[in-house]
Structures are given as C-alpha cells and as structure tokens.
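Note sheet for the following structure.
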Amino acid sequence: MYLTPKLGKKIVAEVKNLIDEHLIIVNPEGTIIASTDKSRIGDYHQGAEIACKEKKEIILSAEDESALQGVKAGINLPILLNDQPLGAIGITGNPAEVTRFGSLVKKMTELLIQENVYLQQMEWETRTLEAYVFDWLQQDQAPVSFLQNGTLLGINMNRRKSCTIIHIEAEEQQHFHDLFHYIRTWWNNKATALVARWGNDRCLLIQDVEEQANTTKLDAYLLNTFQTHILQRFGIATSIGAGPDVPAGELKVSFQKAEKALTIARKTQTIVFYEDLLLEMCLQEITPQTKREFVEKSIGSLLSEPDLLTTLKSYLSNNLNLVKTADELSVHINTVHYRLKRVKEITGIDSKELSSLVSYYLAFEFLDDNTI
C-alpha cells in the first residue's frame, strides 16, 4: 500500500473540513505530495521524514525552521498501517494550538487509508471475478477444472445458474463505475447473485437457481423492483433481458438467450424473459439484408408518406380498432378510413386481409430494428 498524491489530496480535503489549519501530506522519503498550500507540493520536509523513520509524533518549533530543511512550526504525525509508516501528515501553526488536533487528525487519516485499502481490495476481487466470468461465457461446456476454480472464488458450482443482462439506458456513462457498485450492493442484499460489469453500459446478474423450483415470478418481482428503484433514485432507465436456468457449466447458453431477450427489451425499456419469447425468437434469426428487402417490398412506398405510415402503425397497435386509432392520432374517423384506403392504393396490400396484416406487422418490426 502506497500513499499516492490522489489519496493525499483526498485526506487533506477531508481533514480540512474538521480543522481550519494548513495541512501537508508527506511520503516516507519526506516529499510533500499534497498540501493546502499548493506551492509546497514537491518540496522536501525533513521533520516529516523523521516522524516516519521514528514512527512517532514530531513537534516543530519556530527554532526548528532554521535547523531542519523545509519545515514550518507545527506538528508532524506518522501515518501507520499495520505498524508500517506510509507517510506523515503535518499541521502548520503554533504547536501549543495545533497539538490538540493531533490525535483526531491522525485517527481520521488512518481511517481514510483503511477505507481506501478496503476499496482497492474490493476492486481487485471484482476484477478477478469479472475475468473469470468473461472466460466462463466463452465456453460451450466448461470443464471440471474450470468449475473448481470458480468454487475457489466463492461461486457455488453445484447450483444451476441463470444469466440476466442489465443495460443502462444513459447517454453519459462517466458515473457507471459508481452506479455499478450500487447495483452490486443492491443485489447482494436481495438475492444470491454474482454481479459483473460487461462493457461500459451493461452488467451481468448470475443467479443461483433452486432445483425443481419455479423462480420466474420471484425473479420478475425482483427485477421490476430493481428497475423501478434505479429509475426513481438515479433517473436512469434500464432494459433487462433474462436467460433461462442452465447447469453451471453451460452458462454461455443462458447468456446468449439473455442477449436475445435484451434486444426485444431495449425497444420499450422493459424486462423480457427469453422463455416468454415466441415470434420475436424467430424474427431475430432473419438477416438484416432480408429484413431490408421485406420492408422495401411491403411498405417501402409509404416511407415518404409519414401520415399514412403513422396511421397504419397506430391501426395495428390498436388491434384494428378505428375509433381508438382516430383518438390516438387526434383525427376524425373518416380520416383514418381515407388514409387506410390510400395505403392499399399505394402498396397494393389490403389491410383487411389476415396475410396482409401479418406482412404489415413484420414490416414495422423490421423497421423498428433500423434496417432502412
């Protein structure tokens, strides 16, 4: 563990909230790495070096300013971790006045360092787990030796697993690191789950599944609660795709199916379980080129007629109800009749025939996939 300038700056800022005195943070070699007086950063401080070497408090008087290099009157306190000096913190001022702050400042500084050590340990453990999960999802059938390594990391490989992908629907991702830690803590308090980052806008939720237990309703409840909570607390929408449960060695299958569910979920920022997919499952297998050709042949001639296109889409989404379509579009029902008639004239496809309705429905599904 090293005392870095970044950590030193944080310590100075936190301690400054407690006492209105000039402060310095010094490494074991006596170099000032953080200070309320930025002009002193990089200077040598002999008193702090002595405090580190002797692991004891050094009180500096006005006379010491000429005797020791780089010092000012005040107090220097060694910062210890496991009885090893990481550096020193100095409080500048009349020793008779600043000495009373010594014990408080030293204790607070060491607590901040212990917190930093804990966070570094947590980050290391997180990255180790993420590296393991990445390798896990590359394997069609993970070998026994690989699963045993997972057990050493604290993962119960005897339980079936399900993989869920949570996509953060936010344009700005600079706070994803903090949000991820919040998400991980939230899930660790709610369920037996492993949470891992997956890129800059997604995280994976790998859950244990009880044998012969239908956990879909519980999962749906927790996911809905989570999605609502994140939206209310952070103002961030999420889309969630949930894969089926599989043996631990076949987690890749659940992940791939969760990806398919997520593709559908992102259209409406909802939660989609792969097991609930029917037609959508088939549509995902159609190539983008085929989708483009289908859209062009079916409603391509309407792409330059936004009123007709919007009316047809509303008509389908309202289950062919003309009154609801007119209400949604804020037009007279006769206008809807006229526009649907124009659609038939332009496309040659009758919206009253079942096969035509299917064609229109598929065309809009493909159009929403940005195939044009």
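The values are calculated or read from the model by the stated rules, or taken from the named source; none is laboratory data. Note that the structure is a prediction, hence the values are computed from the model and not measured. Please note: Cβ atoms are built from the backbone with ideal geometry, for glycine as well, and neighbour counts cover all protein chains shown.
Condition test on Ile299, is it in contact (Cβ under 8 Å) with a residue 40 or more places away in the chain and crowded, with 19+ Cβ neighbours inside 10 Å? Spell out the reasoning first.
On the way: in contact (Cβ under 8 Å) with a residue 40 or more places away in the chain: yes; crowded, with 19+ Cβ neighbours inside 10 Å: yes.
Yes.
Please tell me if Glu285 is part of a helix (DSSP H, G or I) and either charged (D, E, K, R) or more than 44 Å from the chain's Cα centre (by Cα) (or both).
Working: part of a helix (DSSP H, G or I): no; either charged (D, E, K, R) or more than 44 Å from the chain's Cα centre (by Cα) (or both): yes.
For Glu285, the condition - part of a helix (DSSP H, G or I) and either charged (D, E, K, R) or more than 44 Å from the chain's Cα centre (by Cα) (or both) - is not met.
Looking for something part of a helix (DSSP H, G or I) and either of a type outside the set (D, E, K, R) or surrounded by fewer than 18 Cβ atoms within 10 Å (Cβ to Cβ) (or both) - is there at least one such residue anywhere in the stretch 87-96?
Yes: the stretch 87-96 contains one or more residues that are part of a helix (DSSP H, G or I) and either of a type outside the set (D, E, K, R) or surrounded by fewer than 18 Cβ atoms within 10 Å (Cβ to Cβ) (or both).
When only residues in the stretch 229-257 that are of a type in the set (Lys, Arg) and buried (at least 18 other Cβ atoms within 10 Å of the Cβ) count, which is farthest from Arg160 (Cα to Cα)? Break it down into steps so the answer makes sense when it comes.
Filtering the stretch 229-257 for residues of a type in the set (Lys, Arg) gives 233, 252, 257.
Imposing the further condition that a residue be buried (at least 18 other Cβ atoms within 10 Å of the Cβ) reduces the set to 252, 257.
Working: Lys252: 13, Lys257: 16 Å.
The selected residue is Lys257.
When you check Lys56 against the structure, is it assigned to a loop (DSSP other than H, G, I, E, B), without any contact (Cβ under 8 Å) to a residue 40 or more places away in the chain and under 21 Å from Phe101 (Cβ atoms), yes or no? Please lay out each step first, then the result.
Values: assigned to a loop (DSSP other than H, G, I, E, B): yes; without any contact (Cβ under 8 Å) to a residue 40 or more places away in the chain: yes; under 21 Å from Phe101 (Cβ atoms): yes.
Against the criterion (assigned to a loop (DSSP other than H, G, I, E, B), without any contact (Cβ under 8 Å) to a residue 40 or more places away in the chain and under 21 Å from Phe101 (Cβ atoms)), Lys56 qualifies.
When you scan the stretch 45-60, how many residues do you find that are within 16 Å of Pro28 (Cβ to Cβ) and either buried (at least 16 other Cβ atoms within 10 Å of the Cβ) or hydrophobic (A, V, I, L, M, F, W, C) (or both)?
9
Results for (1) out of contact with any strand residue (DSSP E or B) (no Cβ under 7 Å at 6 or more places or on another chain); (2) of a type outside the set (Gly, Ala, Ser); (3) in contact (Cβ under 8 Å) with a residue 40 or more places away in the chain; (4) surrounded by 13 or more Cβ atoms within 10 Å (Cβ to Cβ), shown as yes or no for each residue.
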position: Asp276; (1), (2), (3), (4): yes, yes, no, yes
position: Phe294; (1), (2), (3), (4): yes, yes, yes, yes
position: Pro306; (1), (2), (3), (4): yes, yes, no, no
position: Ser317; (1), (2), (3), (4): yes, no, no, yes
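Restricting attention to the stretch 337-370, which residues are in contact with an Asp or Glu (Cβ under 6 Å, 6 or more places away or on another chain) and either farther than 16 Å from Val295 by Cα or modelled with pLDDT of 85 or more (or both)? Outline the logic, then answer.
Within the stretch 337-370, the first condition is being in contact with an Asp or Glu (Cβ under 6 Å, 6 or more places away or on another chain), and the residues that meet it are 344, 356.
Matches in the stretch 337-370: Lys344 only.
Need pairs with beta-carbon distance below 9 Å; first residue crowded, with 23+ Cβ neighbours inside 10 Å and within the stretch 70-84, second hydroxyl-bearing (Ser, Thr, Tyr) and at pLDDT 90 or above; sequence gap 6+ or separate chains.
Taking only residues 6 or more apart or on different chains, the pairs are Gly74/Thr92; Ile75/Thr92.
Does at least one position in the stretch 185-198 carry a residue that is surrounded by fewer than 16 Cβ atoms within 10 Å (Cβ to Cβ), under 30 Å from Tyr118 (Cβ atoms) and modelled with pLDDT of 90 or more?
No, there is no match, as no residue in the stretch 185-198 is surrounded by fewer than 16 Cβ atoms within 10 Å (Cβ to Cβ), under 30 Å from Tyr118 (Cβ atoms) and modelled with pLDDT of 90 or more.
Among (1) surrounded by 13 or more Cβ atoms within 10 Å (Cβ to Cβ); (2) touching a residue at least 24 places away in the same chain (Cβ under 8 Å), which single condition is Gln141 missing?
Going through (1) surrounded by 13 or more Cβ atoms within 10 Å (Cβ to Cβ); (2) touching a residue at least 24 places away in the same chain (Cβ under 8 Å) one by one, Gln141 breaks only (1).
Answer yes if at least one residue in the stretch 112-129 is under 25 Å from Ser39 (Cα atoms) and in contact (Cβ under 8 Å) with a residue 24 or more places away in the chain, and no otherwise. Break it down stepwise before answering.
Within the stretch 112-129, the first condition is being under 25 Å from Ser39 (Cα atoms), and the residues that meet it are 112-113.
Checking the rest, the ones that are also in contact (Cβ under 8 Å) with a residue 24 or more places away in the chain come to 112-113.
Yes, some residue in the stretch 112-129 is under 25 Å from Ser39 (Cα atoms) and in contact (Cβ under 8 Å) with a residue 24 or more places away in the chain.
Of the conditions (1) surrounded by fewer than 16 Cβ atoms within 10 Å (Cβ to Cβ); (2) touching a Phe, Trp or Tyr at 6+ places or on another chain (Cβ under 8 Å), Lys260 clears all except one; give me its number.
(1)
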